[in-house]
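A short reminder: the numbers here are calculations on the coordinates, not readings from a lab. Keep in mind the model is a prediction, meaning the values are calculated, not measured. Cβ placement follows ideal geometry from the backbone for every residue including glycine, while neighbour counts extend to all protein chains displayed.
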Amino acid sequence: MSNAGFPAVRLRRLRRTAPMRRMVAGTRLHPSELVLPMFVKEGIEQAQPVASMPGVAQHTRDSLRKAAHEAAEAGVGGLILFGVPAVKDARGSAGDDPDGIVQRALADLRGDLGDALVVMTDTCLDEFTDHGHCGILTPEGEVDNDATLERYASVAVAQAAAGSACIAPSGMMDGQVAAIRAALDGAGFSHIPILGYSVKYASAFYGPFRDAAECAPRFGDRAAYQQDPAGPVGEALREVALDLAEGADAVMVKPAMAYLDILRQVRDTVDVPVAAYQVSGEYAMIEAAAANGWIDRERAIDESLIAIRRAGADMILTYWATEVARRLS
Ligand code: PBG
C-alpha cells in the first residue's frame, strides 16, 4: 500500500545493467548465419571501389581470394559470388562459359577454402547480358520466360561444375527452381542445394548493386518479372510455395528492411531455412548517413541486422558480414 499511485510492475528492472540486458536478450546474431555478397570483375589489375557502396569493391581474382579468406577467418557462414565479365552478349554467354569469370573465381575459392565456408553463386543472366535484363529477350524486347529457363539451367550446371556449393537463382522467372533442379540432378549435382530468391521485389534499393555488378537494364526495368512492392501480399507466399514444390531447399526474401512483414509471414509459413538479403541500397543508406555524422554507424548496422533476425531470418546476406562477424567474436 505504501506504493499507492506508483507502478508495481517495473519493466526497467531487466534493463538496468548490461549483463542483465545481455542475459534476457531474445535475439542474437552469430557469424555463421551471415553471408557475404562479393563481386569479381574480369580483366582488371586492381580491385576497384564501388562509389555508391563505400567499403565494397569489384575484386580481381586475387583480391577476391584475400577478402574471402578474411571472411572465413572471421567465421562468416557463407559468401555469394557475382561476376562482371569482360564481354557481354544478348544471351549472357559468359554465365555458363567454363572459363567465365565466375567459374574461374569459384575454382580459386574452393581450392583455397574448401568447405571453410559455404561458397554460393547467384544464378541469373543480368550480369552477363549486354541489355542488362535477367533473361533472353523476344524480338519485342520482353523477357522470354521459358527460353530463359534453359539458360539458367546451363548457368547453374556450369557453376556447380566449377565448385558452387549452393545455387541461388535470382531472376524471378516462373519455374526456374524446377528447371535448375532437373538440370543439376541430370548432371550429377543432386547433392547441391538451391536457395531460391523466392520473394524478390522490384526495388529501388538495388540501385548501388547495379553499379557494383554493372547490370543496370539498358531499357525499361524489371517490373515485368520482379514483384510489385504494392502487389498482393499473398503473392509472396505463393512464390515461396511454388519454389518449395519445385525443389528449393531454402528460400529468401529480398530486400530485407522494407519487407520485414513479408519475412515474418514467410518464416511462420514454411519449415525450411529462410534467408533475407539486406541489399545494396540498405547498405548505402546507412553508410551515407554515417559518413555525414547523422547516425552512429555501428549501432545502426547492428540494429538493422537484429531487426532482420527478429523478423525471422535464419540467414542474412549482408555486405557487412565480415565486419560484423569480427565484432561478434
Ligand atoms: C540479380 C540480382 C540483383 C541483386 C541481386 N541479384 C539486382 C536486381 O535484381 O536488379 C541486388 C542485390 C543488391 O541490391 O544488393 N542478379
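Name the chymotrypsin sites (Phe, Trp or Tyr not before Pro) in the range 166-258 that are in a loop by DSSP and that have at most 11 other C-beta atoms within 10 Å, would you?
Values: sites: PHE189, TYR197, TYR201, PHE205, TYR206, PHE209, PHE219, TYR225; in loops: PHE189, PHE219, TYR225.
Listed in order of number, the matching sites are PHE219.
Can you pull out the GluC sites (Glu not before Pro) in the range 28-64 that DSSP calls coil and that have at most 16 other Cβ atoms within 10 Å? All intermediate terms of the calculation are to be shown ahead of the outcome.
Details: sites: GLU33, GLU42, GLU45; in loops: GLU42, GLU45.
Passing sites in the range 28-64 are GLU45.
For LYS88, the aspartates and glutamates whose Cα falls under 15 Å of its own Cα, not counting residues fewer than eight places away in the same chain, are GLU42, ASP96, ASP97, ASP99, ASP126, GLU127, ASP130, GLU214. Of all lysines in the structure, the ones whose alpha carbon falls short of 16 Å from that of LYS254, not counting any fewer than 8 places away in one chain, are LYS200.
Our coupling estimate for the range 141-153, obtained by passing each phi through the Karplus curve with A = 6.51, B = -1.76, C = 1.60 and θ = phi - 60°, is x, 9, 7, 7, 3, 6, 5, 5, 4, 5, 5, 4, 4 Hz, Gly and Pro reported as x. The distance from the alpha carbon centre of the range 224-267 to that of the range 148-178 is 18 Å, rounded to a whole number.
Where does the longest stretch of the chain lie that holds no trypsin sites (Lys or Arg not before Pro) found in a DSSP loop with 12 or fewer other Cβ atoms within 10 Å? All intermediate terms of the calculation are to be shown ahead of the outcome.
Details: sites that count: ARG10, ARG16, ARG28, ARG218.
It runs 29-217.
Dividing the Cα radius of gyration of the chain by its Kirkwood radius returns 1.01 for Rg/Rh. Backbone phi angles across the range 65-75, fed through the Karplus curve with coefficients 6.51, -1.76 and 1.60 (θ = phi - 60°), yield HN-Hα couplings of 4, 5, 5, 5, 4, 4, 4, 5, 4, 6, x Hz in residue order; Gly and Pro are listed as x. Rounded to whole numbers, the Karplus 3J(HN,Hα) couplings from phi for the range 293-302 are x, 8, 9, 7, 4, 5, 5, 5, 4, 4 Hz, using 6.51 cos²θ - 1.76 cosθ + 1.60 with θ = phi - 60°, and x at Gly and Pro.
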